[in-house]
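Since the structure comes first, as structure tokens, the remarks are kept for the end.
Computed from the coordinates by the stated procedures, all read-outs in this text should not be read as laboratory data. As the structure is a computational prediction, the values presented were derived from the model and not from experiment. FYI the Cβ positions are ideal-geometry reconstructions off the backbone, even for glycines, and counts take in every protein chain you see.
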Amino acid sequence: MPRILGIDPGSRITGYGIIDSRKNGNVHVFSGCIKAGDGPFPERLRIIFDGLVTVIEVHEPEEIAIETVFMHRNADSALKLGQARGAALCACLARALPVSEYSPREVKLATVGTGNADKAQVQYMVRVLLNLSEILQQDTADALAVALCHSHSRATRVNIARATGGGA
């Protein structure tokens, strides 16, 4: 079963979470945040890229799951978020890792059971699903939720393929 890196991209803080997806459940490996700060925007993109390259080199995930951009009311914020997401994707693609994308609604539905869950509900369910005792930072919990969403989606695809004779 694969090691999955979940990414919650942000132009100031990018959360990441790594889980091992096993037959008997998911196991938390490592998680944290890349804090790009408030400096010049191109420098923040470099920090995100370099930070994720390091995480990938150290923890060797086999698959990547990243949250898609949702439309902000502020177009400038949406553009910056999209560029931060692009920096994260480039870090993953530089290592030729397969990338799956999930909307915030899909992530919430997979982890909480409702696509309209709030941040606190996501944080709580990630702690429960991964049997963690510490309270997670919001961006870290969101990234782990993306990884869990991918693990659940992946398992469903494998089960469907087996049931239809497509193999695994």
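Angle of helix 41-59 to the longest C-alpha principal axis of the chain, folded into 0 to 90 degrees and rounded to 10: 30°.
Exposure proxy shown here: for 23, 119, the number of other Cβ atoms within 10 Å sets the order, fewest to most, as 23, 119. Amide H to amide H distances under 5 Å link residue 103 with 68, where only residues 5 or more positions off or on other chains count and H is placed in the peptide plane. Here the Karplus relation 6.51 cos²θ - 1.76 cosθ + 1.60, evaluated at θ = phi - 60°, turns the backbone of the stretch 83-93 into coupling constants of 6, 5, 4, x, 4, 5, 4, 4, 4, 6, 6 Hz, with x for every Gly and Pro. Classification of the stretch 11-115 by its C-alpha gyration tensor yields an oblate form. The axis ratio a/c (a ≥ b ≥ c) is 1.5 or more, and b/c is at least a/b. Separation of the stretch 21-71 and the stretch 85-100, taken as the distance between their Cα centroids, equals 10 angstrom.
Using the Cβ of residue 61 as centre and a radius below 11 Å, the other residues enclosed give a net charge of -3, where K and R count +1 and D and E count -1.
For the stretch 97-107, putting each phi into the Karplus relation 6.51 cos²θ - 1.76 cosθ + 1.60 with θ = phi - 60° gives couplings of 8, x, 10, 10, 10, 9, 6, x, 5, 4, 5 Hz, in residue order, rounded to whole numbers and with x for Gly and Pro.
Relative to the longest principal axis of the Cα atoms of the chain, the long axis of helix 119-129 lies at roughly 40 degrees.
Karplus-derived 3J(HN,Hα) values for the stretch 17-31, using 6.51 cos²θ - 1.76 cosθ + 1.60 with θ = phi - 60°, are x, 10, 10, 9, 8, 10, 4, 9, x, 9, 10, 5, 9, 6, 7 Hz; glycine and proline are entered as x.
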